[in-house]
Structures are given as C-alpha cells and as structure tokens.
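What follows is one structure encoded as structure tokens, with my remarks underneath.
The values are calculated or read from the model by the stated rules, or taken from the named source; none is laboratory data. Being a predicted model, the structure only gives us computed values, none of them experimental. In this analysis, Cβ positions are derived from the backbone assuming ideal geometry, glycine residues included, and neighbour counts consider all displayed protein chains. Just the protein is used for accessible areas: all its heavy atoms, side chains included, with ligands, DNA and RNA removed. Shrake-Rupley method; radii C 1.70, N 1.55, O 1.52, S 1.80 Å.
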Amino acid sequence: MGRKLDALLGRKFKTSKLEATLNLAISRLSLLKNHRSARFTIALSDLVQLLRLNHHQQALLRVEQVMKDENMLEVYDMINCYCHLLKQKIGLIEKSKVCPEELKEAVSGLLYAAPRCGEFPELREIRAILTARFRNEFSAIESKMIQKLSAKQPGLEMRMKVLEGIARENGIVLLLEKFDSSDLDIVPVRNLS
C-alpha cells in the first residue's frame with residue numbers, strides 16, 4: 001500500500017523500473033511486429049489471389065483486414081520509437097515533476113495506445129508508471145496514433161482506394177470502378193469474361 005501511495009503522490013520514482021519495463025516492451029514489440037507482419041503478408045497474398053481470380057467483391061470485403069494489419073505495424077513502429085526516446089531521456093524524466101515538452105508526444109501516444117493494445121501488457125505497465133509520475137496532465141494526443149488505432153471501420157471509398165492500389169501494384173485490372181453511394185453497393189462497370 002505504501003508503494004502505491006508513493007507512486008500516486010509522485011514520490012520515490014524509480015527509473016530502474018521504467019527502464020526495465022521499456023526494455024521488455026521493446027523486446028515484446030519485435031515479437032508482436034513479426035507476428036503481425038506474417039499475418040499482413042498472408043492477408044495481402046490472399047487478397048492478391050482473390051483479385052487474380054476475379055473475385056473482386058470478396059477482395060473488397062477482405063481488404064479491411066489488410067488495412068488493420070498495416071495500421072498496427074505502423075503503430076508498433078511509433079511505439080518502438082517512443083520507447084527508445086523515453087529510454088534515452090530517462091534522466092530527464094527522473095528530474096522532472098511535470099512531463100518535459102519534448103516527451104509529451106511520446107508519453108501521450110503511449111498512454112493512448114496502452115488500453116488499445118491488449119496483447120501488450122508491458123505497455124499497460126509503462127502507462128501505470130508514467131501516469132503515477134506525471135499524473136493525468138495529458139489531454140493532447142497525437143492524431144496519427146488515434147487514426148491508426150481507431151475502432152471505426154474504414155469507409156467504402158477508402159477500402160476501394162486501397163484495393164485499387166494493391167491491384168495496380170500487381171498488374172490486375174480491377175472490375176469495381178463505380179459504386180452507388182446511396183446504398184453503398186458495388187456496381188461492376190464491365191465484365192471481362
């Protein structure tokens with residue numbers, strides 16, 4: 001109970017615990033990134049296969065998973081950069097009672113990502129340490145992190161744009177070019193059969 005009270009009051013901040021947790025988080029990130037990268041590669045190859053087989057409607061439905069995996073890979077890169085930055089500035093964190101201006105983006109990004117990355121317990125621990133140290137002084141959060149971790153499904157136009165890009169990269173003519181925006185059904189423009 002005494003340690004929790006000290007942490008809540010910002011006393012006896014131990015940089016060793018933060019540093020050790022950051023090191024564990026960086027190690028876990030490489031595992032998570034490898035796993036997500038493998039999922040992304042498989043989903044992308046499945047999507048390209050669907051496009052090659054002219055199953056463009058099914059590909060349009062599956063492109064969302066490719067987008068989610070790609071977003072999480074970018075989030076993992078941001079988290080990795082933020083963890084390395086905090087490791088480098090650990091002395092500054094120890095000296096400061098309020099979050100230094102140069103670390104606000106990193107700290108707020110990690111605080112925002114922690115509850116949204118359930119497979120990442122070290123990130124929740126980092127959040128607990130940082131909120132105990134700096135209390136809840138973070139209102140501004142990096143907008144890119146918010147966009148990447150959004151639970152909101154990408155719109156039809158965005159999915160179409162990504163699917164068109166993937167088709168173009170693989171030399172595939174996409175048959176879905178126009179859609180009726182009133183009911184968001186895809187209308188094939190032509191049939192090459």
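Observations
- Hey, ILE129 under 26 Å from HIS35 (Cβ atoms) and assigned to a helix (DSSP H, G or I) or not: yes
- Which numbered condition LEU50 misses (of (1) aliphatic (A, V, I, L, M); (2) open to solvent by 30 Å² or more (accessible area, probe 1.4 Å); (3) without any contact (Cβ under 8 Å) to a residue 40 or more places away in the chain; (4) in contact with a helix residue (DSSP H, G or I) (Cβ under 6 Å, 6 or more places away or on another chain)): (2)
- Residue tally, condition in a helix (DSSP H, G or I), exposed (fewer than 14 other Cβ atoms within 10 Å of the Cβ) and without any contact (Cβ under 8 Å) to a residue 60 or more places away in the chain, over the stretch 85-120: 6
- Inside the stretch 134-172, residues that are at pLDDT below 85 and not small (Gly, Ala, Ser) make up a count of 16.
- Test: residue in the stretch 70-81 that is touching an Asp or Glu at 6+ places or on another chain (Cβ under 9 Å), assigned to a helix (DSSP H, G or I) and surrounded by 15 or more Cβ atoms within 10 Å (Cβ to Cβ): yes
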